[in-house]
Amino acid sequence: MSPEKLTAFLMLTTLVSIVPGPAVIFVMSQAAWRGPRAGIAAGLGIQTANVAYFTLSGFGLAGLIAASGAAFTVIKLFGAAYLAWLGVTAFIQSFRKDASFAPPAMRRSLHGYRDALFVGLGNPKSILYFVALLPQFLDPSSPLPQQILVLGVIATGIDFATDVVYAFAGGALSRALNQPAVRRWTERGIGSLFMGLSAVTALYRRVA
């Protein structure tokens, strides 16, 4: 891989990671809902999904998924359904009698990781992003696994570092929401946000 391509990939990945997008919104909302540790765990979940798509893209499999209307629709509907389920869960929790109750930190972190992993795997934009981005930086005359490893480590490292920053920002918001009444409305707002993201995901279409 040429130094020019590597530098270009580094700059583009940094820019894309800094600009807030659906993944950043999800990480911040998890941190505000479940605490900063859950936000960091959500960042790990997002990166796990990204590594999976990086690998598929590097070997051309993501392109096959993107080209298959049925596979693409199944993935996006799975992601939309899971986001809707998270939204409904947040709404239900906002009506519990003991609004100050919170599960153990470890359980909240595990839930944050699981939810982010499923949301990441069910994000149709991730498939198209990796299909469009990764092949441009690969040299077909050189071994692909080594190139994929280098680009994957760079991208996930930068993206996760950004997720950690946003998780702490969301965690600061979480600590400011200790009043039960405020937390109830915050959870309802997060539930609405998740359901909005669900609708966006369900309506997402491939570019012909």
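Pairs please, first residue from segment 32-50 and under 13 Å from Ser174 (Cβ atoms) and touching a residue at least 60 places away in the same chain (Cβ under 8 Å), second anywhere and in a helix (DSSP H, G or I) and of a type in the set (Val, Ile, Thr), Cβ atoms under 6 Å, 6+ apart in sequence or on different chains.
As it stands, the answer is Trp33/Ile190; Gly39/Val27; Ile40/Val164; Ala42/Val27, since those pairs meet every condition given.
Across segment 1-43, what is the number of residues that are within 23 Å of Ala202 (Cα to Cα) and not β-branched (Val, Ile, Thr)?
The number of residues fulfilling the criteria is 10.
I'm trying to understand the selection: among the residues of segment 141-171, which are surrounded by fewer than 15 Cβ atoms within 10 Å (Cβ to Cβ) and under 22 Å from Ser2 (Cα atoms)?
Ser141, Ser142, Pro143, Leu144, Pro145, Gln146, Leu149, Val150, Val153, Gly157
Based on this model, can you work out whether Leu117 counts as in a helix (DSSP H, G or I), closer than 30 Å to Lys5 by Cα and modelled with pLDDT of 85 or more?
Values: in a helix (DSSP H, G or I): yes; closer than 30 Å to Lys5 by Cα: yes; modelled with pLDDT of 85 or more: yes.
So Leu117 passes the test.
Go through segment 73-83 residue by residue and tally those that are in contact with a Phe, Trp or Tyr (Cβ under 6 Å, 6 or more places away or on another chain) and modelled with pLDDT under 80.
Going residue by residue through segment 73-83, those that are in contact with a Phe, Trp or Tyr (Cβ under 6 Å, 6 or more places away or on another chain) are 76, 82-83.
Narrowing further to those that are modelled with pLDDT under 80: 76.
Count: 1.
Are any residues in segment 81-96 of a type in the set (Val, Ile, Thr) and loosely packed, with under 15 Cβ neighbours inside 10 Å, and if so, which ones?
Taking segment 81-96 as the starting set, the residues that turn out to be of a type in the set (Val, Ile, Thr) are 88-89, 92.
Val88, Ile92, listed by residue number.
Name the pairs: first residue in segment 83-96 and closer than 24 Å to Tyr204 by Cα and in contact (Cβ under 8 Å) with a residue 60 or more places away in the chain, second residue assigned to a loop (DSSP other than H, G, I, E, B) and among the small types (Gly, Ala, Ser), Cβ to Cβ under 9 Å, at least 6 apart or on different chains?
Leu83/Gly122
Counting just the residues of segment 84-114 that are part of a loop (DSSP other than H, G, I, E, B), closer than 18 Å to Ala42 by Cβ and in contact with a helix residue (DSSP H, G or I) (Cβ under 9 Å, 6 or more places away or on another chain), which one comes out modelled with the lowest pLDDT?
Here is the first cut: in segment 84-114, the ones part of a loop (DSSP other than H, G, I, E, B) are 95-104.
Those left that are additionally closer than 18 Å to Ala42 by Cβ: 102-104.
In the following step, the residues that additionally are in contact with a helix residue (DSSP H, G or I) (Cβ under 9 Å, 6 or more places away or on another chain) were identified as 102-103.
On the way: Ala102: 55, Pro103: 58.
So, considering only residues that are part of a loop (DSSP other than H, G, I, E, B), closer than 18 Å to Ala42 by Cβ and in contact with a helix residue (DSSP H, G or I) (Cβ under 9 Å, 6 or more places away or on another chain), the one modelled with the lowest pLDDT is Ala102.
The values are calculated or read from the model by the stated rules, or taken from the named source; none is laboratory data. This is a predicted model, so every value here is computed, not measured. Because the Cβ atoms are built from the backbone with ideal geometry, glycine has one as well, and the counts that use them run over all protein chains shown.
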